[in-house]
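J.: I'd like to ask some things about the structure below.
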Amino acid sequence: MTTASTTISARMADLIGAKNVIADPASLGPYEIGNNVPSVAARPESAEQVAEIVRFAAAEKQAIVPCGARTKLAMGAPPARYDIALDMTGLHRIVAYDPGDMTLSVEAGIPLRNIEAALLDQRQFLPLAVPFAEHATASGTIASGVDSPLRQFYGTARDFVLGIEFVTGHGTAAKSGGRVVKNVSGYDLHKLMIGALGTLGVLTKINFRTFPLPAATRAVAATFDDAAHAIDLRHAIARSPLRPLAVEILSPSAGAMLVGHDLPASRGWFVIVSFAGTAAVLDRCARDLRQMAEQHAATSVAPLAEGQILAAPRRVAKFIPMALAASPAATILKLSVVPTGIRAILDTAAKTADAAQLSWAALARGVGVVYFALLPAERTEDSLARVTRAVREIFARFAAAAGNATIPWCPPEWKAALPIWGPARADLAHMRALKNVFDPHGILAPGRFIGGI
Amino acid sequence: MASTTIDPRLLRDLQKLLGRDGVLHKPEALLLYEYDGSVETAKPDCVVFPRTTEDVAGIVRLAKQHRVPLVGRGAGTGLSGGAIARNGGIVTSFARMNRILEVDAENQRARVQPGVVNSDLSLAVEHFGLHFAPDPSSQKACTIGGNVSENSGGPHTLAYGVTTNHVLALEVVLPSGEVAHFGSGAVDPAGYDLTGLFVGSEGTFGLVTEITVKLTRLPEATKTLLAIYDSVDDATETVVEITARGITPAACEMMDGWTIRAVEDYVHAGFPLDCAAVLLIEVDGLCEAAEYEAGEVADVCRAHRAREVRLAKDARERDLLWKGRKNAFGAVGRLSPTYYTQDGVIPRTKLPATLRRVSEIGAKYGFSIGNIFHAGDGNLHPIILFDARDPEQLRKAVAASDEIIQFCIEVGGSITGEHGVGMEKDRLMPLLFSEADLDLMRRVRDVFNPEGLLNPAKVLPGPKGCGEIHVRPATEPTPASTGPASA
């Protein structure tokens with residue numbers, strides 16, 4: 001341990017107590033991000049302690065990376081500097097839950113599963129069927145901006161986060177929004193925090209709108225010989241009066257990853273559609289869906305066993321961890337397009353990957369988000385060269401499609417070589433200016449975000 | 001404060017840019033632009049009518065060059081003074097930028113200019129089975145640019161969300177003259193959510209010149225119910241119970257007896273004159289879903305002693321019920337020289353207690369206070385009737401209104417649900433936000449609007465008088481009831 005890190009850990013212990021400070025290098029491994037290990041990990045237990053740590057870090061120019069359950073630290077770029085891991089799991093209480101108002105206020109580091117348990121008692125839930133949901137915290141989920149199959153119906157966090165309290169890079173506690181479902185008081189600063197990877201503020205409290213848990217859900221899987229027909233079913237659903245909770249298109253290999261005993265084995269493409277409602281509503285949805293699927297040359301249409309409410313979207317949410325586990329060098333592209341663009345982008349990506357002799361798996365959400373996983377057999381220079389060529393080709397085609405392309409996941413040592421934030425953006429200067437307002441000393445997750453922010 | 005004569009050099013430059021018919025500057029021509037739907041007024045130096053984004057950029061550059069304040073304006077139906085030139089200067093009307101640029105039905109998107117009237121967009125896409133979901137009561141007049149600036153709501157926000165949930169991308173002219181593009185037609189653009197930050201910034205960050213919105217599929221079936229009560233408490237408790245049963249109605253509106261009598265006299269919607277309150281509840285979706293939920297809602301209403309539950313038989317009956325609701329403010333406006341509408345929000349479960357408190361506050365100051373509001377999301381619009389020509393009444397009206405807002409905040413609510421802060425509630429912001437919060441908001445605004453020339457003296461309280469609720473000095477403009485009624 002260096003003298004500098006000894007000093008930092010001693011100061012940290014003064015601020016929040018020695019029991020909440022980890023300085024032993026042997027114990028800091030779990031906080032590693034892309035081969036960078038912090039000198040100390042601090043686990044504050046209150047928003048006040050968070051503010052004190054950030055003030056200290058601001059004064060000493062120490063770089064902080066906030067984390068929750070550390071399930072998504074591999075997203076974004078590794079930090080340019082990394083002195084203090086700010087472990088937010090010590091802030092784990094439900095601050096207020098008003099089932100009648102359908103609002104929930106939680107400390108940032110609370111695990112999603114604890115929220116789920118508390119809400120289940122009142123037959124409510126948060127529509128966050130996100131990857132790693134079984135371990136993830138509220139703040140990690142919000143700060144990483146991961147999405148959920150349920151966005152088809154419920155939208156994303158930006159649609160149901162009502163307000164956020166955070167600590168800026170000055171160490172100042174601030175907030176925006178509130179705890180009521182409708183509110184236009186002040187600027188929506190909290191929207192900036194969603195997906196910002198902690199570069200604008202350390203989240204300390206998050207207020208959510210909660211939703212009634214559907215009384216019953218049902219999922220139907222249709223299989224197709226090709227992507228085009230699967231995507232056509234998505235378009236047919238969009239033109240219909242059905243209001244599915246989720247519409248997910250899986251490539252054959254993605255289907256194979258997620259296949260359970262109940263999912264029919266198929267070499268084709270899957271479309272998995274989830275519905276909620278009464279028995280009469282579910283019957284109608286299943287009937288209409290079957291008809292539409294058959295009109296679009298489905299090779300099979302079958303209900304999925306729903307042991308639990310929302311089982312199917314929750315299973316599909318595991319695509320990301322499964323794809324990451326499927327290759328030593330999994331590189332997952334996130335490509336968003338208008339829905340009619342799904343076909344062309346999937347086609348381009350698949351052809352490019354095939355030409356580069358890279359295995360791949362794809363998941364396309366009906367709203368127009370495609371996760372395309374390149375799955376090299378090895379993590380070698382040759383794999384990187386092939387992935388780089390494929391990515392550049394996909395992104396180049398993409399520039400014309402007026403969509404958004406990023407690489408949320410890839411091996412850490414590949415991050416510098418790959419365009420992980422996609423094509424250059426004209427609005428980057430404004431983002432930098434905002435970063436400078438929230439974090440003028442550049443101590444909050446420096447370098448983790450787009451454009452080196 | 002506000003000068004009423006325009007610098008002739010600026011006038012010449014504006015006329016050169018926009019043509020003579022693109023600039024209004026004679027005092028009589030400016031009268032219409034002194035007010036919006038709120039109680040505030042202020043005189044602009046001139047009103048300009050750009051036709052293109054380049055025109056807007058030119059106007060912004062001239063304002064910067066001449067150091068004159070600049071305010072954007074849609075239809076002027078706003079309820080918080082957002083479109084009023086508080087410090088004088090140039091009002092930029094988007095009345096001539098009113099084209100729907102593109103409808104992409106397959107992707108459920110539309111690209112529009114800011115001056116497009118809200119309901120015109122829904123009408124234009126109706127034949128595709130689509131609509132633009134945010135539906136402020138002023139939707140036949142208000143513009144989408146105004147909706148974006150104010151993050152407008154409406155009766156159907158409970159299930160469908162407010163404007164920000166339906167905006168994907170913006171083209172904005174910043175006070176620097178830069179034309180910036182935020183967001184994209186595809187979801188999830190990389191980087192910070194600048195679109196989300198801009199929507200609801202009340203025209204203080206930039207002038208929006210183009211908007212990409214989501215379009216929503218029209219429901220297969222809609223059921224509209226009117227539940228009639230002899231007690232306000234029974235009505236409010238119904239609202240709490242409906243959501244507790246897991247039903248999210250498309251709309252859930254309440255009017256108290258006092259308001260109903262004013263409305264019925266004017267609209268003849270068939271509301272009973274002797275009741276204490278009505279709930280207007282709408283459920284929609286698949287036929288099977290709407291049928292089931294309408295039955296559930298009717299059960300809850302009866303269980304809470306609704307004396308009658310009516311189901312609109314057809315579109316005509318439904319439209320009549322909604323006409324009664326959407327014209328309520330206009331109806332009330334006939335009863336008094338002046339009225340003042342609040343926009344406080346409370347947690348829905350606090351509705352019964354809040355309405356009792358509002359009634360006590362009315363009694364204390366000797367006012368009739370009508371209640372009409374979006375009950376489902378706890379967004380109140382108490383209406384205080386008074387005569388602003390009487391300074392004592394004006395003082396009392398402001399005091400009563402502040403007490404109501406104070407109560408909303410005490411029970412965990414907010415000062416504004418959908419009307420915006422504007423120039424009316426900026427003084428109340430310190431009740432919700434700390435000096436640190438406000439300072440951060442100010443510095444975020446300064447990123448885009450560093451010289452404060454764009455829509456000055458709005459949203460954030462000025463440097464003086466923070467945390468203080470004060471009565472407007474008598475020399476300031478008095479509230480007027482002539483503005484377009486809307487909520």
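J.: Kindly provide the set of residues from segment B:15-37 that are farther than 24 Å from B:Phe448 by Cβ and either in a loop (DSSP other than H, G, I, E, B) or outside the structural domain of B:Ala83 (by TED's automatic domain parsing) (or both), ordered by number.
T.: B:Gly19, B:His25, B:Lys26, B:Glu34, B:Gly37, listed by residue number.
J.: Given the criteria closer than 27 Å to B:Ala331 by Cβ, surrounded by fewer than 22 Cβ atoms within 10 Å (Cβ to Cβ) and β-branched (Val, Ile, Thr), does B:Val297 qualify?
T.: no
J.: Anything in segment B:109-145 that is in contact (Cβ under 8 Å) with a residue 60 or more places away in the chain, within 13 Å of another protein chain (Cβ to nearest Cβ) and either among the small types (Gly, Ala, Ser) or in contact with a Gly (Cβ under 6 Å, 6 or more places away or on another chain) (or both)? List them, or say none.
T.: B:Arg109, B:Ala110, B:Gly129, B:Ala133, B:Pro136 - these are the residues of segment B:109-145 that are in contact (Cβ under 8 Å) with a residue 60 or more places away in the chain, within 13 Å of another protein chain (Cβ to nearest Cβ) and either among the small types (Gly, Ala, Ser) or in contact with a Gly (Cβ under 6 Å, 6 or more places away or on another chain) (or both).
J.: Quick check on segment B:314-363: of everything there that is more than 14 Å from chain A (Cβ to nearest Cβ), β-branched (Val, Ile, Thr) and part of a helix (DSSP H, G or I), which residue is surrounded by the fewest Cβ atoms within 10 Å (Cβ to Cβ)?
T.: Restricting to residues being more than 14 Å from chain A (Cβ to nearest Cβ), β-branched (Val, Ile, Thr) and part of a helix (DSSP H, G or I), the top hit is B:Ile361.
J.: Could I ask something else about it? Of the residues in segment A:392-410, how many are more than 14 Å from chain B (Cβ to nearest Cβ), touching a residue at least 60 places away in the same chain (Cβ under 8 Å) and in a helix (DSSP H, G or I)?
T.: 1
J.: Then there's this: Could you grab me the full set of residues in segment B:111-150 that are modelled with pLDDT under 95 and of a type in the set (A, V, I, L, M, F, W, C)?
T.: Once the filter is applied, which keeps residues that are modelled with pLDDT under 95 and of a type in the set (A, V, I, L, M, F, W, C), segment B:111-150 yields nothing.
J.: Additional query: Taking the residues in segment A:181-235 that are in contact with a strand residue (DSSP E or B) (Cβ under 6 Å, 6 or more places away or on another chain), within 22 Å of A:Ala143 (Cβ to Cβ) and hydroxyl-bearing (Ser, Thr, Tyr) as candidates, determine which candidate is nearest to the other protein chains (Cβ to nearest Cβ).
T.: A:Thr199
J.: Also, quick follow-up: Among A:Arg55, A:Arg70, which is touching a His at 6+ places or on another chain (Cβ under 9 Å), surrounded by fewer than 19 Cβ atoms within 10 Å (Cβ to Cβ) and either part of a loop (DSSP other than H, G, I, E, B) or not assigned by TED's automatic domain parsing to the domain that holds A:Gly163 (or both)?
T.: After applying the criteria, what remains is A:Arg55.
J.: Can you pull out the residues in segment B:419-455 that are closer than 24 Å to B:Asp402 by Cβ, more than 19 Å from the chain's Cα centre (by Cα) and assigned to a loop (DSSP other than H, G, I, E, B)?
T.: Selection gives B:Phe433, B:Ser434.
Yes or no, residue by residue, for (1) touching a helix residue (DSSP H, G or I) at 6+ places or on another chain (Cβ under 9 Å); (2) assigned to a helix (DSSP H, G or I); (3) within 30 Å of B:Pro50 (Cα to Cα); (4) away from chain A (no Cβ under 14 Å):
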| position | (1), (2), (3), (4) |
| --- | --- |
| B:Phe205 | yes, no, yes, no |
| B:Pro219 | yes, no, no, no |
| B:Leu226 | yes, no, no, yes |
| B:Val239 | yes, yes, no, no |
| B:Thr243 | yes, yes, no, no |
| B:Thr248 | yes, no, no, no |
| B:Val263 | yes, yes, no, yes |
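J.: When the residues of segment B:364-376 are filtered to those that are small (Gly, Ala, Ser) and surrounded by fewer than 24 Cβ atoms within 10 Å (Cβ to Cβ), which remaining residue is nearest to the other protein chains (Cβ to nearest Cβ)?
T.: Once the filter is applied, the top-ranked residue is B:Ser368.
J.: Quick one: would you say B:Gly295 is modelled with pLDDT of 90 or more, under 19 Å from the mean Cα position of the chain (by Cα) and within 14 Å of chain A (Cβ to nearest Cβ)? Steps first, please.
T.: On the way: modelled with pLDDT of 90 or more: yes; under 19 Å from the mean Cα position of the chain (by Cα): no; within 14 Å of chain A (Cβ to nearest Cβ): yes.
It is false that B:Gly295 is modelled with pLDDT of 90 or more, under 19 Å from the mean Cα position of the chain (by Cα) and within 14 Å of chain A (Cβ to nearest Cβ).
J.: Here's something else I'd like to know. Among residues belonging to segment A:411-426 that are at pLDDT 95 or above and touching a strand residue (DSSP E or B) at 6+ places or on another chain (Cβ under 9 Å), point out the one that is nearest to the other protein chains (Cβ to nearest Cβ).
T.: Applying the filter and picking the extreme gives A:Trp421.
J.: Further question on the same structure: Go through segment B:305-341 residue by residue and tally those that are farther than 17 Å from B:Leu279 by Cα and aliphatic (A, V, I, L, M).
T.: Number satisfying all stated conditions: 4.
J.: Would you call A:Ile420 among the β-branched types (Val, Ile, Thr) and either in a loop (DSSP other than H, G, I, E, B) or surrounded by fewer than 16 Cβ atoms within 10 Å (Cβ to Cβ) (or both)?
T.: Against the criterion (among the β-branched types (Val, Ile, Thr) and either in a loop (DSSP other than H, G, I, E, B) or surrounded by fewer than 16 Cβ atoms within 10 Å (Cβ to Cβ) (or both)), A:Ile420 qualifies.
J.: Just need a number here: residues in segment B:160-173 that are over 15 Å from the mean Cα position of the chain (by Cα) and either part of a strand (DSSP E or B) or of a type in the set (A, V, I, L, M, F, W, C) (or both).
T.: The total comes to 7.
J.: Test each condition in (1) within 30 Å of B:Ala290 (Cβ to Cβ); (2) under 21 Å from the mean Cα position of the chain (by Cα); (3) not in a strand (DSSP E or B) for A:Leu233 and report the one that comes out false.
T.: Of (1) within 30 Å of B:Ala290 (Cβ to Cβ); (2) under 21 Å from the mean Cα position of the chain (by Cα); (3) not in a strand (DSSP E or B), only one is false for A:Leu233: (2).
J.: Does segment A:249-265 include one or more residues that are within 14 Å of chain B (Cβ to nearest Cβ) and in contact (Cβ under 8 Å) with a residue 40 or more places away in the chain?
T.: For segment A:249-265, residues within 14 Å of chain B (Cβ to nearest Cβ) and in contact (Cβ under 8 Å) with a residue 40 or more places away in the chain: absent.
J.: Report every pair of residues separated by at least 6 positions or lying on different chains whose Cβ atoms are under 6 Å apart, first residue within segment B:155-173 and at the interface with chain A (Cβ under 7 Å from one of its Cβ atoms) and within 30 Å of B:Phe373 (Cβ to Cβ), second of a type in the set (D, E, K, R) and not in a loop (DSSP other than H, G, I, E, B).
T.: Taking only residues 6 or more apart or on different chains, the pairs are B:Asn165/A:Asp159.
J.: Between a residue in segment B:434-450 that is at the interface with chain A (Cβ under 8 Å from one of its Cβ atoms) and any residue that is of a type in the set (D, E, K, R), which pairs come within a Cβ distance under 8 Å, given they are 6 or more apart or on different chains?
T.: Within 8 Å, the pairs are B:Ser434/A:Lys175; B:Asp437/A:Lys175.
J.: Now, a different point. Which of (1) under 18 Å from A:Thr199 (Cα atoms); (2) buried (at least 24 other Cβ atoms within 10 Å of the Cβ) does A:Val40 not meet, given it meets every other one?
T.: (1)
J.: Here is a follow-up. Taking the options B:Arg73, B:Arg20, B:Arg86, name whichever one is surrounded by fewer than 18 Cβ atoms within 10 Å (Cβ to Cβ) and either within 21 Å of B:Gly146 (Cβ to Cβ) or out of contact with any helix residue (DSSP H, G or I) (no Cβ under 9 Å at 6 or more places or on another chain) (or both).
T.: Step by step, each of B:Arg73, B:Arg20, B:Arg86 is checked, and only B:Arg20 is surrounded by fewer than 18 Cβ atoms within 10 Å (Cβ to Cβ) and either within 21 Å of B:Gly146 (Cβ to Cβ) or out of contact with any helix residue (DSSP H, G or I) (no Cβ under 9 Å at 6 or more places or on another chain) (or both).
J.: In segment A:432-449, how many are aliphatic (A, V, I, L, M), surrounded by 23 or more Cβ atoms within 10 Å (Cβ to Cβ) and within 11 Å of chain B (Cβ to nearest Cβ)?
T.: Residues that pass the stated criteria total 1.
The values are calculated or read from the model by the stated rules, or taken from the named source; none is laboratory data. Here the structure is a predicted model, which is why all the values come from computation and not from measurement. Here the Cβ is made from the backbone with ideal geometry for all residues, glycine too, and neighbour counts use every protein chain on show.
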